Amino acid sequence: MIRVLIVDDSAIVRRVLVDQLSRYPDIQVVGTAGDPYEARDKIVELEPQVLTLDLEMPKMDGLSFLERLMKYHPLPVVVVSSLTPRNSTHAVQSLALGAMDVVCKPGSTRIAAETTQELAGAIRTAARATVGNGVSRPAPGSVAAPPPPQGEFRRDQPPRVLAIGASTGGVRAIEEVLAGLPGDTPGVLIVQHMPQHFTRAFAERLNRLYPMEVREAREGDVVRPGTVLIAPGGRHLVLTRDRGHTFSAQLTDSPPVQYQRPSVDVLFHSVARTAGKDAVGVLLTGMGADGAEGLRAMRDSGAHTVAEAEQSCVVFGMPKEAIELGAAREVLPLRQIAPAILRALRRPMGQDA
């Protein structure tokens, strides 16, 4: 039984969530709170395993509360946020602060059964997460160490590609990896499982933080050094190559793979087919198996492949599946992944460690 505390300033929303979540036999709502100060007391009193958190509340906003909670009393948190452009930015910031997931709620107090089902799934995932793993991770927006200097890569070297996949806990993990890469890193493609309207806010956040140009991928974008392309929520990201050997991005609306769109497997398989030994693949923290088979395909095609080690994963699901398939040439804690990427990208093509 998963013990859940609901934190929302709306009494109606609290009542609806209690009623609907109570229908799941493995979830027990042990209490509710209308503001962060009440939530603080209820956490001590009721010892919940998972917290659901609204971001817009009186007395203290949800982001400030989440930051303090993760610093002084780490607890798995699922953000329940209204779907607005402003809240998209705040929701991505909450993931960077350590929230496990974001579930979108309607602007009204009517909460559909689909929303509750999604929330229940997020609560189950959060209950399995290890909050506090990856303790070496920098605070959001900071850099643990100065990134390597510009000029790490020769402009005349053949094009290469770095493909990264992640899910639960991936926002902070991706931030740490990018923090360790120079501004002229070969083109980067990223699939992060995230609600459809949040990927643009995620890309904008990364673009502000790091020296590379980061944006949501667009159809036909050239994959060039110093550029990071994020798969848009709800669309698969595929790597293609033209007759001039230029890498570019293609977006598709084909069915979900491993229950995901965008899917890490779709990206990795396309990188294996298109770039082969000219690529590096990295699979980070996340629930499920998405990316495991694709990483294996990348390794079989000659690419260098890395999976995040259990000791730093928030959820050791996707990397574990990849490791069991023999897909990873290296299994490393998060702090060692950026240096490993740089070593692999500097090697002559086709040469591995």
Open item on the list: Let me confirm something: among Ile12, Ile43, which residue is touching a residue at least 24 places away in the same chain (Cβ under 8 Å) and under 22 Å from Leu95 (Cβ atoms)?
Closed with: Ile43
Open item on the list: Cβ contacts < 6 Å: first residue in the same structural domain as Leu95 (by TED's automatic domain parsing), restricted to region 48-77; second residue of a type in the set (Gly, Ala, Ser) and in a strand (DSSP E or B), any location; separation 6+ or different chain. Result?
Closed with: Leu55/Ser81
Open item on the list: Quick test of your reading of the structure: Thr240 fulfils all but one of (1) of a type in the set (Ser, Thr, Tyr); (2) surrounded by fewer than 20 Cβ atoms within 10 Å (Cβ to Cβ); (3) part of a loop (DSSP other than H, G, I, E, B). Name the failing condition by number.
Closed with: (3)
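Mind listing whichever residues of region 72-83 are within 21 Å of Arg3 (Cα to Cα) and either assigned to a helix (DSSP H, G or I) or under 20 Å from the mean Cα position of the chain (by Cα) (or both)? Before you say what the answer is, go through the steps one by one.
Step one: list which residues in region 72-83 are within 21 Å of Arg3 (Cα to Cα), which gives 72-81.
Hits for region 72-83 are Tyr72, Pro74, Leu75, Pro76, Val77, Val78, Val79, Val80, Ser81.
So, in region 172-214, exactly how many residues are outside any loop (DSSP other than H, G, I, E, B), among the polar types (S, T, N, Q) and buried (at least 23 other Cβ atoms within 10 Å of the Cβ)?
Residues in region 172-214 being outside any loop (DSSP other than H, G, I, E, B), among the polar types (S, T, N, Q) and buried (at least 23 other Cβ atoms within 10 Å of the Cβ): 2 in total.
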Open item on the list: Within region 267-322, take every residue that is among the polar types (S, T, N, Q) and over 22 Å from Gly121 (Cβ atoms) and give me the one that is nearest to the chain's Cα centre (by Cα).
Closed with: Ser312
Task: Residues (free of Cβ contacts under 8 Å to residues at least 60 places away in the same chain, on the phi < 0 side of the Ramachandran plot and small (Gly, Ala, Ser)) located in region 177-232 - done: Gly183, Ala203, Ala217, Ala231
Task: Check on Leu95, touching a residue at least 60 places away in the same chain (Cβ under 8 Å), in a helix (DSSP H, G or I), touching a strand residue (DSSP E or B) at 6+ places or on another chain (Cβ under 6 Å) and not small (Gly, Ala, Ser) - done: no
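Would a scan of region 81-90 turn up a residue that is of a type in the set (A, V, I, L, M, F, W, C), over 15 Å from Ala120 (Cα atoms) and at pLDDT below 95? Even if it seems obvious, please write down each step before you answer.
To start, the set of residues in region 81-90 that are of a type in the set (A, V, I, L, M, F, W, C) comprises 83.
Among the residues that remain, those that are also over 15 Å from Ala120 (Cα atoms) are: 83.
Within this subset, residues satisfying the condition of being at pLDDT below 95 are 83.
Yes.
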Open item on the list: With the requirement that a residue be more than 23 Å from Met70 (Cα to Cα) and of a type outside the set (D, E, K, R), what does region 13-55 give you?
Closed with: Val13, Val16, Leu17, Val18, Gln20, Leu21, Ser22, Tyr24, Pro25
TODO: Please state which of the following conditions Val18 fails to meet, knowing it meets all the rest: (1) modelled with pLDDT of 90 or more; (2) among the aliphatic types (A, V, I, L, M); (3) touching a helix residue (DSSP H, G or I) at 6+ places or on another chain (Cβ under 7 Å).
DONE: (3)
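Could you look through region 41-69, keep only residues that are outside any helix (DSSP H, G or I) and within 21 Å of the chain's Cα centre (by Cα), and pick out the one that is modelled with the lowest pLDDT?
Step one: of region 41-69, the residues outside any helix (DSSP H, G or I) are 47-61.
After this cut, where a residue has to be within 21 Å of the chain's Cα centre (by Cα) as well, the list is 50-55.
Values: Val50: 97, Leu51: 97, Thr52: 96, Leu53: 95, Asp54: 91, Leu55: 88.
Restricting to residues being outside any helix (DSSP H, G or I) and within 21 Å of the chain's Cα centre (by Cα), the top hit is Leu55.
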TODO: Would you point out which residue out of Ser254, Ser263 is under 17 Å from the mean Cα position of the chain (by Cα), polar (S, T, N, Q) and assigned by TED's automatic domain parsing to the domain that holds Val222?
DONE: Ser263
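The values are calculated or read from the model by the stated rules, or taken from the named source; none is laboratory data. Model, not experiment: these values are computed from the prediction. Cβ sites come from the backbone with ideal geometry, for glycine too, and all protein chains shown count toward neighbours.
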